[in-house]
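Single-structure report; data block below.
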Amino acid sequence: MTRELLNVRLLPADDGPTPLTDEEERRCQAVLFGELGDTIAGRGWARYPAYTPEDRRRLVGVAARLTAHWGQRVYVEAEDPTRVRLSLAGYGITGTTGGTGITGAA
């Protein structure tokens, strides 16, 4: 019996993670914006895992959106190869400057 495959995506040739669809990316950004925004607003900083360059780019984008939303710069710093810290000025790892900023990759 032959069946049609609907809504099937091809997996990448390597064993890496599959990229998110546009809708999944929007949902992920919205959740990160809300959750990390609430945490940063409450204590001045938030830590989040970032295992891939895509994860780090996503967090840099969230920091840019939070900066535009609040009118106050949100900084991004890599704590180690697997964690990123988003913070307001004065709450950064490297002192009162708040870290590297949102212009570069974390």
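The values are calculated or read from the model by the stated rules, or taken from the named source; none is laboratory data. Fair warning: this is a prediction, and the values are worked out from it, not measured in the lab. Please note: Cβ atoms are built from the backbone with ideal geometry, for glycine as well, and neighbour counts cover all protein chains shown. Areas reflect the complete protein model, heavy atoms only, side chains present, ligands, DNA and RNA absent. Shrake-Rupley method; radii C 1.70, N 1.55, O 1.52, S 1.80 Å.
Can you name the residue in the stretch 31-47 that is open to solvent by less than 90 Å² (accessible area, probe 1.4 Å) and assigned to a strand (DSSP E or B) and is also farthest from Pro19 (Cα to Cα) among such residues?
Trp45
Based on this model, can you work out whether Val84 counts as in contact with a Phe, Trp or Tyr (Cβ under 9 Å, 6 or more places away or on another chain), farther than 17 Å from Ala30 by Cβ, outside any helix (DSSP H, G or I) and not small (Gly, Ala, Ser)?
Considered against the rule, which asks whether it is in contact with a Phe, Trp or Tyr (Cβ under 9 Å, 6 or more places away or on another chain), farther than 17 Å from Ala30 by Cβ, outside any helix (DSSP H, G or I) and not small (Gly, Ala, Ser), Val84 comes out as yes.
Restricting to the stretch 74-106, and then to whatever is open to solvent by 90 Å² or more (accessible area, probe 1.4 Å) and touching a helix residue (DSSP H, G or I) at 6+ places or on another chain (Cβ under 9 Å), can you tell me which residue is modelled with the highest pLDDT?
Tyr91
Restricting attention to the stretch 56-73, report how many residues are open to solvent by less than 40 Å² (accessible area, probe 1.4 Å) and of a type outside the set (A, V, I, L, M, F, W, C).
Of the residues in that region, 3 qualify.
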